[in-house]
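K.L.:
This is the structure I want to talk about, given as structure tokens.
Throughout, read-outs are computed from the coordinates displayed, never taken from laboratory work. All of these numbers come straight from a predicted model, not from anything done at the bench. Every residue, glycine as well, gets a Cβ built from its backbone with ideal geometry; the counts of neighbours run over all protein chains shown.
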Amino acid sequence: MQIQVKKFYYGDIPDSGSGSAPSAKQVNPSEEWPLWEVFIRSKQGLDHKHAGSLHAADAEMAIENARDVYTRRQEGISIWVVESKYIHASKPEESGMLYDPAEDKIYRHPTFYDLPDAVKHM
Amino acid sequence: MSAHTSNQALIDYTLHLADSSLIMAQRSSEWCGHGPVLEQDIAITNISLDLLGQARHFYQYAAGLINQSADHTLKPATEDSLAYLRDERAFKNLLLTELPKGDWAQTILKHFFFSVYQSLLYTRLQTVPDKDLAAIAAKSLKEVAYHVKWSSEWVIRLGDGTAESHQRMLTAIEELWPYTGEMFRAADYETGMVDPSTLHAGWLKEVQDVFAEATLPMSSESVYMHVGGKTGLHTENLGYMLAELQYLQRAYPGAEW
């Protein structure tokens with residue numbers, strides 16, 4: 001037997017009266033808004049940094065959502081968004097092959113040179 | 001016009017601007033925690049806070065004017081006393097702002113109607129001789145420009161969306177349209193400030209452009225228009241809202257966080 005428990009906290013109102021999204025079982029994944037990755041430039045001259053991700057129906061809405069979610073405390077002056085499905089990532093199971101070989105090649109760090117005293121900021 | 005009555009008109013006008021922003025903010029804030037998706041929940045809460053900020057500027061200015069006048073029934077006034085301790089009949093907000101939040105379509109359409117009106121009004125208010133009102137208008141315009149963009153895009157998205165979202169927009173238009181006329185009918189205290197009737201044509205044009213893109217029909221100009229909010233005659237909705245808004249300060253005068 002399935003028992004459905006409905007629980008409302010003080011001041012909360014049921015979804016039916018709130019206009020919010022239907023409960024999980026009614027959501028059709030194909031109708032859900034796509035996921036977007038957000039990159040924020042915090043100030044002129046710096047690069048865009050990954051800030052997080054959010055759902056939006058289109059690029060315009062993704063930028064506005066990013067503006068509201070990630071820059072409301074003056075965190076940014078420029079926003080990039082890209083649909084998450086267009087990001088291709090390296091596979092975790094290949095990390096041994098990809099990254100481990102660099103471990104014993106410390107000579108790739110430029111630390112084996114004697115710098116003349118006159119050279120600063122190195 | 002004597003100095004006293006003109007000062008009273010300026011106070012009333014400032015309170016009218018403050019009240020419309022405050023009531024709009026309070027109504028929209030009901031979505032906080034209940035938005036259709038998390039990101040839009042934050043968006044509408046941000047917008048509510050923008051409007052609350054505008055209301056504060058206007059209330060602070062009105063409080064200063066009241067305190068400078070020789071004898072005023074609202075003296076001594078602060079931004080808080082003006083928001084929390086005035087009764088329903090003293091509120092001069094547009095009726096449109098106090099209507100129930102309805103579904104998302106009604107909230108969106110209300111924001112669209114109001115934001116387009118505000119952007120036209122504040123653009124003109126920037127140039128009035130009163131420096132304080134002009135400064136508040138100038139500062140608020142950037143926020144309002146974003147509200148117009150945000151709500152227009154939503155009107156188009158819902159109007160030109162699914163059969164259901166289109167139908168909900170039609171219902172919202174039917175519900176809200178009769179409350180749009182009040183924005184452009186001047187109350188006595190608006191004499192000498194921005195004449196709202198001169199904003200009407202620009203407002204219709206902007207609404208028409210967005211509705212066209214949203215595949216939504218324009219309503220008739222000859223629909224009966226409800227008025228009264230500007231002079232304190234409100235719908236039954238305002239009393240309930242003020243009861244919630246003002247309860248704490250009325251029950252525990254001067255209570256602070």
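K.L.:
Can you pull the mean other chain C-beta count within 10 Å for peptide A:89-99?
P.N.:
0
K.L.:
Could you work out how far the C-alpha centroid of segment B:193-241 sits from that of segment B:128-191, in angstrom?
P.N.:
So the separation of the two Cα centres works out to 8 Å.
K.L.:
Would you grab the residues whose amide H sits under 5 Å from the one on A:ALA51? Only those 5+ places off in sequence or on another chain, please, with H modelled 1.01 Å from N.
P.N.:
Correct list: A:VAL38, A:PHE39, A:ILE40.
K.L.:
Tell me the net charge near B:ASP50. Cut-off is 12 Å between Cβ atoms, B:ASP50 excluded, with +1 for each Lys or Arg and -1 for each Asp or Glu.
P.N.:
Local charge sum for B:ASP50: +2.
K.L.:
If you don't mind, another one. Show me, for segment B:117-131, the HN-Hα J-couplings you get by feeding each phi into the Karplus relation (A = 6.51, B = -1.76, C = 1.60, θ = phi - 60°), rounded to Hz, glycine and proline as x.
P.N.:
Karplus-based 3J(HN,Hα) across segment B:117-131 equals 4, 4, 5, 5, 5, 5, 4, 6, 4, 4, 9, 6, x, 5, 5 Hz.
K.L.:
Could you list B:LEU22, B:LEU52, B:LEU121 in order of exposure, starting from the residue whose Cβ has the fewest other Cβ atoms within 10 Å?
P.N.:
Listed from fewest to most nearby Cβ atoms, that is B:LEU52, B:LEU121, B:LEU22.
K.L.:
Ordered by packing density, taken as the mean number of other Cβ atoms within 10 Å over each peptide's residues, highest first, how do A:88-98, B:86-96, A:69-79 rank?
P.N.:
B:86-96, A:69-79, A:88-98
K.L.:
Need one value for A:60-68: mean number of C-beta atoms belonging to other chains within 10 Å of its residues' C-beta atoms.
P.N.:
Per-residue shielding by partner chains comes out at 5.
K.L.:
Each residue of segment B:191-199 in turn: what ³J(HN,Hα) in whole Hz from Karplus with 6.51, -1.76, 1.60 and θ = phi - 60°, glycine and Pro shown as x?
P.N.:
Once rounded to whole Hz, the list reads 4, x, 9, 6, 6, x, 5, 6, 8.
K.L.:
Normalise the Debye intensity by I(0) for chain B, one equal point scatterer per Cα, no solvent, then take log10 at q = 0.10 Å⁻¹ and round to two decimals.
P.N.:
Reported log10 I(q)/I(0), two decimals: -0.48.
K.L.:
Determine one quarter of the surface area of the Cα convex hull of the protein assembly as shown, which equals its mean projected area, and express it in nm² to one decimal.
P.N.:
Answer in nm², one decimal: 31.2.
K.L.:
Could you sort out which of B:LYS92/B:LYS131; A:LYS43/B:LYS142; A:LYS85/B:LYS110; B:LYS139/B:LYS205 sit more than 30 Å apart by Cα distance in this structure?
P.N.:
From B:LYS92/B:LYS131; A:LYS43/B:LYS142; A:LYS85/B:LYS110; B:LYS139/B:LYS205, over 30 Å: A:LYS85/B:LYS110.
K.L.:
222 nm [θ] for chain B, helices only, -39500 (n - 2.57) per DSSP H run of 4+, per residue, to 500?
P.N.:
So the calculated ellipticity at 222 nm is -21500 deg cm²/dmol.
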